[in-house]
Amino acid sequence: MKKYEYKTKMTCSYKIDISYDEKTHEIIEVNFFGGCPGNTTGVSKLVKGRSLEEVAELLKGIPCRSKPTSCPDQLACACEEILASLN
């Protein structure tokens, strides 16, 4: 299991911690710091067991109100950063 810390941009959450399997790319656990607790807890539970690739594809580009990004979109960005670092 590997851990990754991502500092979010333009969202109410300020950090996302992601635990994942380096070989399978499966997400083991996601923790948001800040943000709307109901939404971030829900997103964290829904992505558990999914691959980094799948989560990046599913959540990329979701806006929040007038912002061009959101907590789910920032999670997608974090997944993309992890994947880029593995290649």
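The values are calculated or read from the model by the stated rules, or taken from the named source; none is laboratory data. For clarity, every value in this text was computed on a predicted model and none was experimentally measured. Using ideal geometry, Cβ is built from the backbone for each residue, glycine included, and neighbour counts are taken over all protein chains shown. To get the accessible areas, we keep the full protein, side chains included, count just its heavy atoms, and leave off ligands, DNA and RNA. Shrake-Rupley method; radii C 1.70, N 1.55, O 1.52, S 1.80 Å.
Hey, can you tell me all the residues within region 19-33 that are free of Cβ contacts under 8 Å to residues at least 60 places away in the same chain and part of a strand (DSSP E or B)?
Going residue by residue through region 19-33, those that are free of Cβ contacts under 8 Å to residues at least 60 places away in the same chain are 19, 21, 23-24, 26-33.
Selection gives Ser19, Glu26, Ile27, Ile28, Glu29, Val30, Asn31, Phe32, Phe33.
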**Item:** Subset of region 23-48 (residues that are modelled with pLDDT under 95 and touching a strand residue (DSSP E or B) at 6+ places or on another chain (Cβ under 8 Å))
**Value:** Gly35
**Message:** With the requirement that a residue be open to solvent by less than 60 Å² (accessible area, probe 1.4 Å) and either free of Cβ contacts under 8 Å to residues at least 40 places away in the same chain or at positive phi (or both), what does region 1-18 give you?
**Reply:** Lys15, Asp17
**Request:** Report, ordered by the first and then the second residue, all pairs with beta carbons closer than 6 Å, sequence separation of six or more or different chains, a first member in region 34-48 that is in contact (Cβ under 8 Å) with a residue 60 or more places away in the chain, and a second member that is surrounded by 15 or more Cβ atoms within 10 Å (Cβ to Cβ).
**Result:** none
**Fill in**
Going through region 58-87 in order, the residues found to be under 19 Å from Leu46 (Cα atoms), open to solvent by 50 Å² or more (accessible area, probe 1.4 Å) and either assigned to a helix (DSSP H, G or I) or touching a strand residue (DSSP E or B) at 6+ places or on another chain (Cβ under 7 Å) (or both) are Leu58, Glu80
